[in-house]
Amino acid sequence: LFLNTPAHIVQGGVPGWDDEGLAFAESLGAVEMGRMRRVGVREGAYFDEVDFVITRDMWEEEHASRR
């Protein structure tokens, strides 16, 4: 989004059970900003959603360090 839009912030959520999704969000430089409790049921148990945020400044700093 930061390459193709004027967005200043991107937010997203990942189910707490999705280890690959959580690792992906962290690999982008996203920071956990909170959790929503008991947002759904998977295999008979409630799960939380982990919410992430990344700002354009954070992304640009992370992107520059990968060059």
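The values are calculated or read from the model by the stated rules, or taken from the named source; none is laboratory data. Predicted, not measured: the structure shown is a model, and the values here were computed from it. Virtual Cβ from ideal backbone geometry, glycine too; neighbours counted across all protein chains shown. For the accessible areas, the whole protein counts, side chains as well, though only heavy atoms, and no ligand, DNA or RNA atoms are used. Shrake-Rupley method; radii C 1.70, N 1.55, O 1.52, S 1.80 Å.
Structure notes:
- For the condition touching a residue at least 24 places away in the same chain (Cβ under 8 Å) and loosely packed, with under 15 Cβ neighbours inside 10 Å, residue 31 qualifies.
- Some residue of segment 43-62 being on the phi < 0 side of the Ramachandran plot, open to solvent by 100 Å² or more (accessible area, probe 1.4 Å) and modelled with pLDDT under 95: yes
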